[in-house]
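Some notes on the structure that comes next.
The values are calculated or read from the model by the stated rules, or taken from the named source; none is laboratory data. This structure is a prediction, so every number in the text was calculated from the model and none was measured. Cβ sites come from the backbone with ideal geometry, for glycine too, and all protein chains shown count toward neighbours. The area values use the complete protein model at the heavy-atom level, side chains included, leaving out ligands, DNA and RNA. Shrake-Rupley method; radii C 1.70, N 1.55, O 1.52, S 1.80 Å.
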Amino acid sequence: MYKVFLAGGIASGKSTVARILEELGASRIDLDQVSRSVLSPRSACSAAVAKAFGEDLVNPATGEIDRTLLARRAFATPESGAHLESIELPFISDELACTLAREESSGDAPVCVVEVPLLDRVESMLSQVDEVLCVIAPLGLRRVRAQGRGMDVADFNRRVALQPSDEYLRSHADVVFDNVGDEKALAAQVRAWWDSRERDGWVRSPAREGGTPR
Ligand SMILES: CC(C)(COP(=O)(O)OP(=O)(O)OC[C@H]1O[C@@H](n2cnc3c(N)ncnc32)[C@H](O)[C@@H]1O)[C@@H](O)C(=O)NCCC(=O)NCCS
Ligand SMILES: Nc1ncnc2c1ncn2[C@@H]1O[C@H](COP(=O)(O)OP(=O)(O)OP(=O)(O)O)[C@@H](O)[C@H]1O
């Protein structure tokens with residue numbers, strides 16, 4: 001199974017590209033969901049997080065972590081935020097490897113696309129995939145599209161500030177989809193990518209091996 005990361009800023013069009021790939025036959029994993037799942041009740045990751053940020057975060061009856069309180073404590077300073085990430089990332093990486101292995105053994109799709117909102121946090125996971133795709137759109141257009149689906153501008157701006165820049169994404173991607181046009185124009189680019197990799201037999205191209213820092 002050919003595995004790809006699909007990165008992009010908020011409202012850049014990741015889900016739209018992932019849906020197009022799904023229609024072409026890919027299976028789909030959302031890394032946000034994977035990273036949420038590692039904090040499931042009584043997991044090893046929840047225990048490590050509670051040890052670092054307070055045992056009172058855990059509801060004794062259900063084992064659930066209070067995510068709002070955790071976010072308030074962990075994101076109080078950049079250092080404590082980085083500490084939380086350093087605890088969670090190895091668990092997220094292991095969980096991603098298991099999820100990809102499950103997809104692979106189910107054997108249905110030739111391709112698995114992993115949607116990645118924060119590519120800079122998952123550099124250590126790049127070795128798990130064959131290629132990095134990203135979708136880029138101008139910030140103003142993304143703001144309008146985010147508002148179009150009901151997002152508040154202040155929330156949009158806050159989330160943009162936490163995400164890697166377009167320059168970072170361009171320099172780490174093997175392929176960039178430009179989402180400045182309509183969905184048809186985006187679909188044409190995605191289709192062209194799919195056709196080219198299908199022609200190559202879904203093998204990682206030697207030209208791309210050295211292209212992305214991994
Ligand atoms: C603390 C957690 C559980 C809160 O999750 P939850 O889904 O409830 O909320 P969300 O992630 O949207 O964040 C809540 C609030 O915190 C703020 N916030 C989120 N991430 C960050 C960050 N890196 N730095 C500063 N503030 C942040 C947001 O503005 C948001 O308003 C979660 O953010 C977490 O586990 N983060 C650490 C792991 C991580 O960064 N994973 C992503 C890389 S794979
Ligand atoms: N080319 C396009 N033309 C018009 N609307 C678009 C286009 N691409 C995406 N959109 C719309 O913009 C919004 C954001 O797109 P999408 O949900 O695919 O982005 P995303 O990167 O997955 O967002 P998030 O980071 O919030 O998950 C959606 O409402 C989507 O329908």
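One residue stands out in the range 100-128 among those that are at pLDDT below 95 and touching a Cys at 6+ places or on another chain (Cβ under 9 Å): the one that is farthest from ligand 1 (Cβ to nearest atom), namely Glu104.
Listed by first and then second residue, the pairs with beta-carbon distance under 7 Å, at least 6 apart or on different chains, first residue in the range 67-87 and free of Cβ contacts under 8 Å to residues at least 12 places away in the same chain and open to solvent by 40 Å² or more (accessible area, probe 1.4 Å), second assigned to a helix (DSSP H, G or I) and more than 16 Å from ligand 2 (Cβ to nearest atom), are Phe75/Gly81. The set of residues in the range 2-25 that are away from ligand 2 (no atom under 15 Å from the Cβ) and either in a loop (DSSP other than H, G, I, E, B) or modelled with pLDDT under 95 (or both) contains only Gly25. Number of residues in the range 157-204 that are open to solvent by less than 50 Å² (accessible area, probe 1.4 Å) and within 12 Å of ligand 2 (Cβ to nearest atom): the value is 10. Between a residue in the range 1-23 that is within 22 Å of Gly148 (Cβ to Cβ) and hydrophobic (A, V, I, L, M, F, W, C) and any residue that is open to solvent by 40 Å² or more (accessible area, probe 1.4 Å) and not in a helix (DSSP H, G or I), which pairs come within a Cβ distance under 7 Å, given they are 6 or more apart or on different chains? So the pair list comes out as Ala18/Arg28. When the range 147-156 is limited to residues that are part of a helix (DSSP H, G or I) and over 18 Å from the mean Cα position of the chain (by Cα), the one that is nearest to ligand 2 (Cβ to nearest atom) turns out to be Gly148. From the list Gly81, Gly63, the one residue that fits, being touching a Pro at 6+ places or on another chain (Cβ under 7 Å) and either of a type outside the set (Ser, Thr, Tyr) or away from ligand 1 (no atom under 11 Å from the Cβ) (or both), is Gly63.
Against the numbered list (1) open to solvent by 60 Å² or more (accessible area, probe 1.4 Å); (2) more than 25 Å from Val176 (Cα to Cα); (3) not polar (S, T, N, Q), Leu139 comes up short only at (2).
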